[in-house]
Amino acid sequence: MVRLSGALFALLAVAACAQPAPPAAADRAADPLPGTRLSTDELKAQMFHVSAGKRLKGPWPNGARVAVGLSFDVDNATAALSVGNLDYEVLSRGEYGAVDGLPRLLRMLDRQQVPASFFIPAASAVLHPAMITHIQASTLGHEIGVHGWIHERLPLLNNEQEEQRLLDLSIETLTKMTGKRPVGYRAPSWKFSKWTMAQVKAAGFLYDSSLMASDDAYEILLDGQPTGIVELPIERILDDAPYFGGNADGSMPSVSDVYEVFQSEFDVAYDEGGLYLLTMHPHMIGHRSRAAMLERLVQYMKRKPGVWFATHEQIARHVQPLIGSH
Ligand SMILES: [Zn+2]
C-alpha cells in the first residue's frame, strides 16, 4: 500500500498544475465528515484563512476593454523530480519544455509582439539556465516569477521551516540568475499550505497568482485581514494542463476544442471589461499544433480593439493602487 500511494503521488505530481491535491485517503476514511462537527466560528476560520477581499477591476490603461496576461509555468520535469520519479519517459517529456517548447513559444511571442510572464521553479532554471537567457533576450520585457524550488507540493511538504527555506532559496536563485528580485508568486500546482500566504506576504511579493475566487483581480485577506497583496486569479478552465497534460497525455483529440473554450472565455472577459489570464506549460502547449492554436488565439484577440497585453507584474502594478486605504 505504501508503494502504491507513492506511485500515485508521483503520477499526480507529473500532472503538474492542474490536478487536485493528493488525497489524504487514510485520514478521510477514518473521519470522512469533520466539517459537520465544527462551530460556525471554526468554519469561518477555515474558510477565511485565505480569502477574497476588495475586487480590483479596471479601468485599464489607454481605455483598453480587457487586460490579457499570458503566463507559462516552466515546470518541465521538476514535478517528477520532486517526488523521485525517475521514469525517463516522464522526465524527457518534461525536458521537451526546455528543448523545443519554450523556444517555440518565445518565437511566437516575438512574432506577435506580446509579452508574457514565466513562473519558473528555481531548480528548473538551474537545470536549464539557457531558458533564462533566452527569455531575457527578448525585447518584449517578459517577466520571471517564483514557482517553488522544485515544484514541491506545499501541503505534501507540510513543514513550515522547510517551506520557508525553499521559498528563500527560490527567490535567491532566481534573483541571482535574472538580476532582478521577482515580484510575482505562483504556488506549485497552485497549492498553498497553511503557512504559504504569511510567508509570501513577509517576502514582500507584489502579487500572487494561485487562487481562483474571482474572475477579476482582488486583494487577498489573511485570517480576515487585508494583506495589500494583489491576487491575479487563475482557473482550471484557462489552463492547458487539464486538456493536454497529466492524465490526458495528449489524448485530447482536437486543439480546436481547447481553442473554443479559451476564445469563449476571452469573449466574455472582453464584454465585461475584465481580466483574462491563461496558465500554460511549455512542455504541454509548446508542442507544434498546440503552439499554433495559441498563436491563432493571440491573433484573434489582437484583431479586437482595446486589448491590453501585459505581464502579470504590469497588471498587478496597475490595479494595486485600487486597494487604497481600508
Ligand atoms: Zn507548475
For this session: Would you kindly derive the ³J(HN,Hα) couplings of region 212-225 from the backbone phi angles with the Karplus curve 6.51 cos²θ - 1.76 cosθ + 1.60 (θ = phi - 60°), listing them in order in whole Hz, with x for Gly and Pro?
Result: 9, 7, 8, 7, 9, 4, 8, 7, 7, 9, 10, 6, x, 9
For this session: Go through 124-134, 231-241, 264-274 and give me the packing order, highest mean Cβ count within 10 Å leading.
Result: 231-241, 124-134, 264-274
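Helix-only mean residue ellipticity at 222 nm, the chain, DSSP H runs n ≥ 4 weighted -39,500 (n - 2.57), per residue, nearest 500. What is it? Present the calculation step by step, with values, prior to reporting the outcome.
Details: 16 runs with 146 residues, N = 326.
Helix-only estimate at 222 nm: -12500 deg cm²/dmol.
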For this session: Considering the options 148, 130, 85, tell which one lies farthest towards the positive end of the dipole of region 72-162, charges being +1 on Lys and Arg and -1 on Asp and Glu at the Cβ, about the Cα centre.
Result: 130
Seminar exercise, completed: residue 160 and residue 237 label points (each 7 Å along its Cα→Cβ direction) are spaced in nm at 3.8
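What whole-number value in Å² describes the accessible area per residue of region 124-215 for a 1.4 Å probe?
Numbers: 3900 Å² over 92 residues.
On a per-residue basis, 42 Å².
How high is the FRET efficiency between residue 140 and residue 99 when r is their beta carbon distance and R₀ equals 22 Å, given to the nearest 0.05? Present the calculation step by step, with values, prior to reporting the outcome.
Details: r = 22 Å, r/R0 = 0.99.
Efficiency for this residue pair is about 0.50.
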Problem set entry | Simple label model, 7 Å out from Cα along Cβ direction - residue 42 to residue 168, nm | 3.5
Seminar exercise, completed: One finds the C-alpha centres of region 24-70 and region 107-141 to be spaced, in Å, by 30
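Which shape class, rounded, prolate or oblate, goes with region 110-253 when its Cα gyration tensor gives a ≥ b ≥ c as root eigenvalues, a/c under 1.5 marks rounded, and past that a/b bigger than b/c marks prolate?
Working: a/c = 1.35, a/b = 1.16, b/c = 1.16.
Because its axes are fairly even, with a/c under 1.5, region 110-253 counts as rounded.
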Problem set entry | Accessible-area composition of the chain, carbon plus sulfur, in percent [1.4 Å probe] | 55
For this session: Using only the Cα atoms of the chain, each taken as one equal point scatterer with no solvent, compute I(q) by the Debye sum, divide by I(0), and report log10 of the ratio at q = 0.07, 0.09, 0.14, 0.15 Å⁻¹.
Result: -0.27, -0.45, -1.14, -1.31
For this session: Report, by chain and number, residues whose modeled amide H sits under 5 Å from the one on residue 119, excluding near sequence neighbours (fewer than 5 apart, same chain).
Result: 72, 73, 74, 145
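With a 10 Å radius around each residue's Cβ, average the other Cβ atoms per peptide and rank 306-317, 42-53, highest first.
The peptides rank, most packed first, as 306-317, 42-53.
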Problem set entry | Ordering of 106-113, 84-91 by packing [mean C-beta count within 10 Å, highest first] | 106-113, 84-91
Seminar exercise, completed: The alpha-carbon center of region 278-305 and that of region 182-245 are separated, in whole Å, by 23
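The values are calculated or read from the model by the stated rules, or taken from the named source; none is laboratory data. Note that the structure is a prediction, hence the values are computed from the model and not measured. So basically every Cβ, Gly included, is an ideal-geometry build from the backbone, and we count neighbours across all protein chains shown. Accessible surface is based on the protein model in full, side chains and every heavy atom, while ligands, DNA and RNA are left aside. Shrake-Rupley method; radii C 1.70, N 1.55, O 1.52, S 1.80 Å.
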